[in-house]
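This report refers to the structure that appears directly beneath it.
Every number here is computed from the coordinates shown, using simple stated rules; none is lab data. What you are looking at is a predicted structure, and each value in this text was computed from that prediction instead of being measured. Here Cβ is always computed from backbone atoms with ideal geometry, including for glycine, and neighbour counts include all displayed protein chains.
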Amino acid sequence: MAYFLKKTPLENRTYLAIYESFYSHEKKGTAHKCYKSMGSIEALKANGLDDPITFYQKGVDELNNSRKDHGARKISDKSVNGIIKVPTWRCGHYFGLTHATKPILHL
């Protein structure tokens, strides 16, 4: 899931919206949905915002950075139950092994 700023030209105005990109299992690909609609650039400038695109792009960047911090899975140096399963059985042919086994190492 990521956020991006979408600029839509419509009827002599340009509208800004923050969209969320995510994987859709039904479509088997990425899909988008509107996270927040900002309004037209002309109306935002009339309300006192000098550069609305740059202003909201910074907000999108902050959303993406906070998403990375909160939703990302952390890689641990600890194994589950003290057991490490080494998947060498999948690459045994690279080492010339004909009957590779699935070793389990106990720490």
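Are there trypsin sites (Lys or Arg not before Pro) in region 18-47 that DSSP puts in a loop and that have at most 14 other Cβ atoms within 10 Å, and which ones?
27, 28
Taking K and R as +1 and D and E as -1, what net charge do the other residues with C-beta under 12 Å from the C-beta of residue 45 add up to?
-2
Using 20 Å as the Cα-Cα cut-off, could you pick out the over-long pairs in 6/58; 6/28; 28/68?
From the list (6/58; 6/28; 28/68), the Cα-Cα distance tops 20 Å for 6/28; 28/68.
For residue 22 and residue 55, FRET efficiency with R0 = 30 Å and r from the beta-carbon atoms, rounded to 0.05?
E between residue 55 and residue 22, to the nearest 0.05, is 0.75.
Find the relative contact order for region 2-71 and round it to a whole percent, using C-alpha pairs within less than 8 Å whose residues are 6+ positions apart.
29 percent
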